[in-house]
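First the structure, in the form of structure tokens, and then the observations on it.
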Amino acid sequence: MRAPIAFATRHAMMAAAADIIAAALNQGVARRGEGCAALSGGGTPAPAYALLADKPLDWPRIAFALVDERFVPPTHEASNEGMLRRALAPALSQGARMLAMYAATARAADAAAAAEAVYAPLSFDIAVMGMGADGHTASWFAGAEGWDAAVDATTGRSVVAVRAAHAPGAADRLTLTRAAVLRARRIIVLITGREKLDRLQRALAGAAPAPAALLWEGPHGEPDVLWAP
Ligand code: 6PG
């Protein structure tokens, strides 16, 4: 693992992340006429998204996708889409689009199939990943039902359903597959706190396996880790 890009404060890290995401989206707009970022949920990245949404980007040409979602409606407190809609409100009100991963289907697998139709054609200018203290990223939880499909680096599927009993917020999840995340032109991982950094470094040293280490496996370049205490 390359050394993480370390910041003295979380605010400095969030501001840098917002700048990186904005630059990637601007490049997408310049190259393809549209920009698309795949964004993780959880608690960590919301301030970066809020700083991003205050920037003067060409918002009608920009779409936000989710890296993963809890199988709950956007009004639920655990919804990643709900968090993203709040943090990104200024951008959404200026024409940016939110590409929902959740759908109100009876089974998570049906929502994943519906999301597949929207997500399969997407070109991600950047994927913003997080990591849980247990070492998961996206909804790649070790031991989850659906694990093999989720971490398949060569599958043609972009979105699958997984079920992980101990996942925060909701056991039923929808997630980008590893193949879909690796399509992103750039991957950044936002982590805070010494515990998560130690967990990631141990995984990458081979001392304690963690799903997040799968982002480093393969022919693509290493993700950039942004870290603050
Ligand atoms: C989710 C996420 C997930 C997140 C990590 C870290 O829906 O849970 O997208 O992969 O990035 O769990 O979450 P925190 O930032 O809350 O620690």
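Any read-out appearing in this document is the output of simple, stated calculations on the displayed coordinates, not a laboratory observation. No experiment lies behind these values; they were computed from the predicted model shown. Reconstructed Cβ throughout: ideal geometry from the backbone, glycine too, with neighbour counts over all protein chains shown.
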Worksheet item: Please state the relative contact order of region 99-195 as a whole percent: Cα pairs under 8 Å, 6+ residues apart?
Response: 32 percent
Worksheet item: At E77 and A89, where each label point lies 7 Å from the Cα along Cα→Cβ, what is the point-to-point distance in nanometres?
Response: 1.9 nm
Fill in: Sorted by Cβ density within 10 Å, fewest first, the residues V189, V160, V118
V118, V189, V160
Worksheet item: Counting DSSP beta bridges in the chain, what percent are antiparallel, to the nearest 5?
Response: 30 percent
Worksheet, complete the sentence: Put in order of increasing Cβ neighbours within 10 Å, starting from the fewest, W147, W140 give W147, W140
Worksheet item: Do the sum for the chain: with -39,500 (n - 2.57) for every DSSP H run of n ≥ 4, divided by all residues, what is the mean residue ellipticity at 222 nm, to the nearest 500 deg cm²/dmol?
Response: -9500 deg cm²/dmol
Item to complete: Give, as a single signed number, the net charge of other residues whose beta carbon lies under 14 Å from the beta carbon of A115, with Lys and Arg counted +1 and Asp and Glu -1.
Response: -2
Worksheet item: Taking only C-alpha pairs under 8 Å that are 6+ residues apart, what is the relative contact order of the chain in percent?
Response: 23 percent
